[in-house]
Amino acid sequence: MSSKQIEEISRQVADAFYEYRYNEEDTGLIGFLPTREAVFTYIHAIVQAAYKGGVLYAASDHHEGYLILSGEGAGGRIGFFDGMRMIFAEKKALGGFRNMKKFIRACFSDGGTIETY
């Protein structure tokens, strides 16, 4: 795919996350990435790395949705440099290392999720 196509996919996924209506007590990604552009920066980094690593899949031939599969049997893998680019883009989207640390802590909280952190 072209970089323009990857950007379009990233924008669609980012818009879906940004426009998703969480319930009142849950903010999801928006609690950490409050602007549409920050969500795009975060998602675009992930989609680019997944595509280059061979782990981005379309849900159908009509591209109604996308999956990123990892782990044993998933096929490709995200390379070191693509992973580093992804981390630095995420840091930018989250507004720095301090916020990134809070985000990571929320993602791995005791059985919770970023929605309930």
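Values for this structure:
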quantity	calculated
Restricting region 96-112 to residues that are open to solvent by 60 Å² or more (accessible area, probe 1.4 Å) and in a loop (DSSP other than H, G, I, E, B), the residue that is modelled with the lowest pLDDT	111
Test: residue in region 44-58 that is modelled with pLDDT of 90 or more, closer than 19 Å to residue 106 by Cβ and not polar (S, T, N, Q)	yes
Residue within region 64-75 that is surrounded by 14 or more Cβ atoms within 10 Å (Cβ to Cβ) and either modelled with pLDDT of 90 or more or small (Gly, Ala, Ser) (or both) present	yes
Residues that are open to solvent by 40 Å² or more (accessible area, probe 1.4 Å) and either of a type in the set (Lys, Arg) or outside any loop (DSSP other than H, G, I, E, B) (or both), drawn from region 31-45	31, 36, 37
Boolean, residue 60 is hydroxyl-bearing (Ser, Thr, Tyr), without any contact (Cβ under 8 Å) to a residue 24 or more places away in the chain and open to solvent by less than 40 Å² (accessible area, probe 1.4 Å)	yes
Where residue 61 falls short, out of the listed (1) assigned to a loop (DSSP other than H, G, I, E, B); (2) farther than 24 Å from residue 8 by Cβ	(2)
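The values are calculated or read from the model by the stated rules, or taken from the named source; none is laboratory data. Everything numeric here is computed off the predicted structure, so don't read it as measured data. Don't worry about glycine lacking a Cβ; one is built from the backbone with ideal geometry, like all the others, and counts go over all protein chains shown. Remember, those area values only see protein heavy atoms, side chains included, never the ligands or the DNA or RNA. Shrake-Rupley method; radii C 1.70, N 1.55, O 1.52, S 1.80 Å.
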